[in-house]
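Please see the structure below; I have some questions.
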Amino acid sequence: MIPDTPTPDTPTPAPVADATDKETPHSGLAVLTAFVKNFPRKPGVYRMINAAGDVLYVGKAKNIKKRVGSYLHIDRLPGRLQRMVFDTHVCEVVITHTEAEALLLESNLIKQLKPRYNILLRDDKSFPYIMIPGGHEYPRIVKHRGARTKGNEYFGPFASAGAVNGTLATLQKVFLLRSCTDVVFANRTRPCLLYQIKRCAAPCVGKIGHDDYLELVREAREFLTGDSRAVQTEMARRMDAASAALQFEAAASFRDRIRAMTAVQAHQDINVMTLGEADVIALHRAGGHSCVQVFFFRGGQNFGNRAYFPSHAADDSDGDILEAFIGQFYDSFTPPKDILLNGTPPNQAVLEEALTIKAGCSVSLAVPQRGDRRKLVDHAAVNAREALLRRMAENTAQRKLLEGTAEVFSLAATPERIEVYDNSHISGAHMVGAMIVAGPAGLMKTAYRKFNIKTADLAPGDDYGAMREVLTRRFARAQKEDPERKLGQWPDLVLLDGGQGQLNAGLKVLADLGISDLCVAGIAKGPDRNAGREQFFMPGREPFMLPPSHPVLYFLQRLRDEAHRFAITAHRAKRSKAIGLSLLDEVTGIGAARKKALLRHFGSAKDVAAAGLKDLKAVPGISAATAKKIYEHFHPEG
C-alpha cells in the first residue's frame, strides 16, 4: 500500500509565487503560471490550495508539468474549473515513481482532504468481515470490523452487518464452530445453550475431539472460499453412511446441516459459482445526481450490496465518476481479482496497475458484453437506478420538511444541518449525552456523537448540568476546529429534548462561549407526556404547539425519538460494560486464572478486597509478590 507521503521522492518544494495581482480576477492564473515553470515532467500528484489554506483540488498526472499547464488555457475550461483556477493561491506537488502510485496517492488524499472540486465518495464506512483467529487450538468464528491483524484469517468483505450475521448463523448451523471468547471457553464446565440447540460442537468440554473440530474448521474455510459443493457432497456421503449404520441421530444432524447450506445457495439471484472472487459495480445517473451500486461476490456467493451517492459536478463523465469512485473505494480494503463494470474508466490500464499494487496480485477491470457476467452488471445497474429514484424522492420530501421547519422556527433560510441533543441515565448513574444530526439527505449517522459526562461535582440526575457539559464540549471544539464555519459542521438549528429549563441551560452555554447567532429551541412532551401534544420553547417567544396533523410535528418527533434512542443505546452500553467489570479487573497483573482462583477461595471480589495479606498468600496460585500487590491495591495506606 502506498503511504500518505510516497517514499520514492520527497515533495517538490513549491516556488513562492508573486501574488501582488491577488485582487485581479486572474490572480490564480498568474500564480499557476509562476508555479508551472518549475514543475518536473514526471508522474505525481498536485494540490491546488486557496488563500485560506483549503485544498480545492487533488489531481494525478503522468506528466505534472503538462497536466497543470493545461489549466493555463483558461478559455478551454468549464466554468467550474475556471473558478477553481481563479481561487488558487498555491500549487503543491508530490513526485512518484509511476502513474499508478500517483493514482493511489491521489485517492488517499481525496479521502483525507475532501477537496471541493473533486468527485467525492462520502460514505466511508468500513466493511465487516468474518474472522477465524489464529493462535488457538480450537479456533472460533466471529464478525470483525476494523484493522486486520497478521495471523488471523479474514473472509469478505460483506456489504452489511446483517449479511455477516446471516452467514454466521448458517456457519454455526452447518459447521458447529464456537463463537465464544477465549476467556469464556477456558472457564466452561458444561455446554452452553448453543450446544443444546445444535449451533456449537462444544469443544470447551470435550464433546468433540481436537482433530474432528479442526476438520470442521477446514470445511468452513472451504465453504467461505467457494468450495461449498464439495463440502455438501461430503456431508451427504456421511449422512448416507450414518443412516446405513443405523446412526439415525447423526444422520439427522448431517441432514439439517445440508439443508442450511442448500438454503444459502438457493438465495443467489443468478448462478455465479464460476465467478470466484469479484465485485460488480454499476453507475446510474439522473437529474444531475448519480448512484453507484456495489455487489460483493466471494466463492460464488452473494455477500450483499451497498449503494453509494458520490458528489460530483454535472459535467463529469460517467467514466470519470467510476474511476474516482473505484480509486477511493478500494483505498480502505483489498480489491478482488475481478471487478465488473457497466462503464469504462478513462485510465483503465493505470487503474488496474494501481489496484494490482494494492492487492498484491493481478486485478482485472472488465465491462462484460454477454453471458452471466453481463446479467450481473445489468442487475446491479437496475438496483442503482431504483436506489437513486428512492433517494431523489426522499430528498424532495425531506426538503419540504426542512422548509416547513424553517417556517415553524422563523429561520432565515432552510436548515442544512439540525442537531438534536438528549441525555440518558438511571438515577444519575452512567450518564451519557447524545447528539444526532439531520439534513437534506435525512439522518446523518456518521455525524452522531455521544458524550460520557465527566463533570466530577455533578449532582446525580442533574440533566441541566449534563446538557451544559455536552453543549460546552461540542461548541468549544467547533470554535477551535472551524472558527470560520466553512466546513459545514455548524448547525442551523439546535433542538434540545426538554422544556424551558433545558433551553435556559443551553442558551447560557452559548452566551458564555460568545455564540449568539444560533437558533436554539426546546421540545418537551405536553400534558401527561402525550406524544402529539409537544410544546416548543424558544427565547423571546411564548411556548407553542403545532396541530396534531402538522407534518413538521411528526418530523420533529422522529428527530427527538432518534436522539432518545441513540442516548439510551449509549447509556445501556456504558452500563453493561460497568456491570461486567469486577473490582479485581482494576488490579494490575491479575488475569482470568488468578481472578478465578481468588473468587473460588473468597467467594466475591468484595471479600478479596477486605482480605488480609496472609489470607491472600494462602490462595493456590497466588505468589507472595502477587498477594502483596493485591493487598496494597486495596489498602494503599497500609
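For Ala438, state whether it is at pLDDT 90 or above, within 22 Å of Leu546 (Cα to Cα) and touching a helix residue (DSSP H, G or I) at 6+ places or on another chain (Cβ under 9 Å).
When the stated conditions are applied, Ala438 passes them.
Against the conditions (1) modelled with pLDDT under 80; (2) surrounded by fewer than 15 Cβ atoms within 10 Å (Cβ to Cβ); (3) among the aromatic types (Phe, Trp, Tyr), where does Phe544 fall short? Just the number, please.
The one condition Phe544 does not meet is (1).
I'm trying to understand the selection: among the residues of the stretch 474-503, which are assigned to a helix (DSSP H, G or I) and crowded, with 16+ Cβ neighbours inside 10 Å?
Arg474, Phe475, Ala478, Gln502, Leu503
Now for a separate question. Scan the stretch 538-556 for residues that are within 35 Å of the chain's Cα centre (by Cα) and closer than 14 Å to Ala521 by Cβ and jot them down.
Val552, Leu553, Phe555, Leu556
Scan the stretch 88-109 residue by residue and report those that are in a helix (DSSP H, G or I) and in contact with a helix residue (DSSP H, G or I) (Cβ under 6 Å, 6 or more places away or on another chain).
Glu99, Ala100, Leu103, Leu104, Ser107
Would you confirm whether or not the stretch 194-217 contains a residue that is in a helix (DSSP H, G or I), farther than 16 Å from Pro139 by Cα, polar (S, T, N, Q) and modelled with pLDDT of 75 or more?
Yes: one or more hits.
So which of Val231, Val184 ends up being within 23 Å of Phe297 (Cβ to Cβ) and either modelled with pLDDT of 85 or more or outside the structural domain of Arg298 (by TED's automatic domain parsing) (or both)?
Of the residues listed, the single one that is within 23 Å of Phe297 (Cβ to Cβ) and either modelled with pLDDT of 85 or more or outside the structural domain of Arg298 (by TED's automatic domain parsing) (or both) is Val231.
Could you identify the single residue in Asp372, Asp315 that is under 30 Å from Thr170 (Cα atoms), more than 26 Å from the chain's Cα centre (by Cα), touching a residue at least 60 places away in the same chain (Cβ under 8 Å) and surrounded by fewer than 19 Cβ atoms within 10 Å (Cβ to Cβ)?
Going through Asp372, Asp315 in turn, the sole match is Asp372.
Any chance the stretch 72-81 includes a residue that's at pLDDT below 80, touching a helix residue (DSSP H, G or I) at 6+ places or on another chain (Cβ under 9 Å), closer than 27 Å to Leu487 by Cβ and surrounded by fewer than 18 Cβ atoms within 10 Å (Cβ to Cβ)?
For the stretch 72-81, residues at pLDDT below 80, touching a helix residue (DSSP H, G or I) at 6+ places or on another chain (Cβ under 9 Å), closer than 27 Å to Leu487 by Cβ and surrounded by fewer than 18 Cβ atoms within 10 Å (Cβ to Cβ): absent.
Restricting the search to the stretch 66-125, which residues are touching a Pro at 6+ places or on another chain (Cβ under 9 Å), β-branched (Val, Ile, Thr) and more than 30 Å from Leu443 (Cβ to Cβ)?
Val93, Val94, Ile95, Thr96, Thr98
Taking the stretch 605-614 as the region of interest, how many residues are without any contact (Cβ under 8 Å) to a residue 12 or more places away in the chain and over 15 Å from Val587 (Cα atoms)?
Residues meeting the conditions: 1.
Going through the stretch 411-452 one residue at a time, which ones are free of Cβ contacts under 8 Å to residues at least 24 places away in the same chain and buried (at least 20 other Cβ atoms within 10 Å of the Cβ)?
Correct list: Phe451 only.
Additional query: Taking the options Met467, Met435, Met444, name whichever one is among the hydrophobic types (A, V, I, L, M, F, W, C) and in contact with a Phe, Trp or Tyr (Cβ under 6 Å, 6 or more places away or on another chain).
So the residue among Met467, Met435, Met444 that is among the hydrophobic types (A, V, I, L, M, F, W, C) and in contact with a Phe, Trp or Tyr (Cβ under 6 Å, 6 or more places away or on another chain) is Met435.
Would you point out which residue out of Asn347, Asn342 is closer than 28 Å to Leu56 by Cβ, surrounded by 15 or more Cβ atoms within 10 Å (Cβ to Cβ) and not assigned by TED's automatic domain parsing to the domain that holds His97?
When all the criteria are applied, what remains is Asn347.
In addition: How many residues are within 20 Å of Ala593 (Cα to Cα), β-branched (Val, Ile, Thr) and in a helix (DSSP H, G or I) when one looks only at the stretch 166-193?
Final tally of qualifying residues: 2.
Hey, can you tell me all the residues within the stretch 85-102 that are closer than 19 Å to Asp320 by Cβ and over 31 Å from the mean Cα position of the chain (by Cα)?
Hit for the stretch 85-102 is Val85, nothing else.
What number of residues in the stretch 124-159 are of a type in the set (A, V, I, L, M) and part of a loop (DSSP other than H, G, I, E, B)?
Matching residues across the stretch 124-159 total 3.
Given (1) modelled with pLDDT of 85 or more; (2) part of a helix (DSSP H, G or I); (3) surrounded by fewer than 16 Cβ atoms within 10 Å (Cβ to Cβ), identify the lone condition not met by Pro620.
All conditions are met except number (2).
If you check Ile197 against the conditions, is it farther than 25 Å from Lys596 by Cα, β-branched (Val, Ile, Thr) and surrounded by fewer than 13 Cβ atoms within 10 Å (Cβ to Cβ)?
In short, yes.
The values are calculated or read from the model by the stated rules, or taken from the named source; none is laboratory data. Because the structure is a prediction, the values reported are computed rather than measured. Note: ideal-geometry Cβ built from the backbone for every residue, glycine included; neighbour counts use all protein chains shown.
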